[in-house]
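Scroll down for the structure; my scribbles are underneath it.
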Amino acid sequence: MGRSNTYRLIFDVLYSSYGPQHWWPGETPFEIMLGAVLTQNTSWTNVEKAIIALKVNRALDPQIIVNTKHETLASWLTPVGYFNVKATRLQSFCNWYLKSGEFEALNTCDTTELRKALLSVKGIGPETADDILLYAFTRPIFVIDAYTRRLFSRLGYINGDEAYETLRTNFEKKLCRQSEKTQLFNEYHGLIVHHAKYFCKTKPVCKECCLKKYCDFYQKGS
DNA sequence: ACCCAGGGTCATA
DNA sequence: TATGACCATGGG
């Protein structure tokens with residue numbers, strides 16, 4: 001039962017090809033949470049610059065972020081793009097985070113309750129909430145992003161335009177028998193992103209990569 | 001010059 | 001419910 005599961009098989013292939021990914025980049029849970037917001041539709045190299053700017057200004061702290069003027073915060077966020085939007089989102093998130101008792105208090109919530117609370121914050125959508133749940137609160141939540149849709153639709157396992165919740169519960173169901181789910185979901189998402197960034201940038205994908213023989217596209221095409 | 005990047009909100013039909 | 005506009009910088 002540990003195998004005969006194609007979703008697990010794809011993980012094993014990716015893991016044996018690329019190894020552990022050590023996700024999420026970030027030294028503390030709070031830094032991970034900010035990174036999750038800042039990386040919305042934005043490359044991680046840009047996010048790193050903004051996080052460094054926050055550190056240089058000693059602003060990697062929820063109380064300081066809510067006390068900082070919008071324009072000042074936005075100026076630190078320039079490299080990520082959408083800096084006005086994201087300054088507002090960081091402040092609304094930090095307001096909620098402080099009023100909720102920060103990490104320690106929030107971590108006593110069960111996962112369903114915590115997920116609902118995160119989604120109630122303006123600027124936190126399903127993917128950002130799940131990044132935070134998985135990587136900051138180490139909860140067994142499978143993150144669905146554009147790379148996941150692209151890879152698994154090209155493998156032929158999904159259509160690609162399913163609703164977010166449909167895909168998330170589907171992946172979690174397919175992998176529900178695995179032990180150490182949190183660690184598996186953690187590595188899996190990191191591996192999908194690594195694979196997309198370094199091996200499947202061009203279309204069609206999987207031409208020379210480790211998943212070629214599992215890819216529907218190359219089985220049918222000839 | 002163009003396209004995409006570890007999305008989300010809001011207005012409209 | 002389902003599209004489209006918008007946010008905006010940086011690297012390929």
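The values are calculated or read from the model by the stated rules, or taken from the named source; none is laboratory data. Since the model is a prediction, treat every value here as computed from it, not as a measurement. Here Cβ is always computed from backbone atoms with ideal geometry, including for glycine, and neighbour counts include all displayed protein chains.
Scan the helices (runs of 4 or more DSSP H) fully inside the stretch A:4-72 and keep the ones with 1 or more residues being surrounded by fewer than 17 Cβ atoms within 10 Å (Cβ to Cβ), at pLDDT 95 or above and away from DNA strand C (no atom under 16 Å from the Cβ).
On the way: elements: A:6-18, A:29-38, A:44-56, A:62-67.
The qualifying helices (runs of 4 or more DSSP H) are A:6-18, A:44-56, A:62-67.
May I ask you to verify whether A:T148 is surrounded by fewer than 16 Cβ atoms within 10 Å (Cβ to Cβ) and on the phi < 0 side of the Ramachandran plot?
No.
Considering only residues that are out of contact with any Ser or Thr (no Cβ under 8 Å at 6 or more places or on another chain), of a type in the set (D, E, K, R) and farther than 30 Å from A:Y198 by Cβ, which ones fall in the stretch A:96-149?
Once the filter is applied, which keeps residues that are out of contact with any Ser or Thr (no Cβ under 8 Å at 6 or more places or on another chain), of a type in the set (D, E, K, R) and farther than 30 Å from A:Y198 by Cβ, the stretch A:96-149 yields A:K99, A:E102, A:E104, A:D110, A:E113, A:R115, A:K116.
Residue by residue, here is whether (1) part of a helix (DSSP H, G or I); (2) basic (K, R); (3) more than 15 Å from DNA strand B (Cβ to nearest atom) holds:
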position: A:R89; (1), (2), (3): yes, yes, no
position: A:A117; (1), (2), (3): yes, no, no
position: A:G123; (1), (2), (3): no, no, no
position: A:D130; (1), (2), (3): yes, no, no
position: A:I144; (1), (2), (3): no, no, no
position: A:R150; (1), (2), (3): yes, yes, no
position: A:D161; (1), (2), (3): no, no, no
position: A:L167; (1), (2), (3): yes, no, no
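What's the number of the only condition in (1) buried (at least 18 other Cβ atoms within 10 Å of the Cβ); (2) modelled with pLDDT of 95 or more that A:E165 fails to meet?
Unmet condition: (1).
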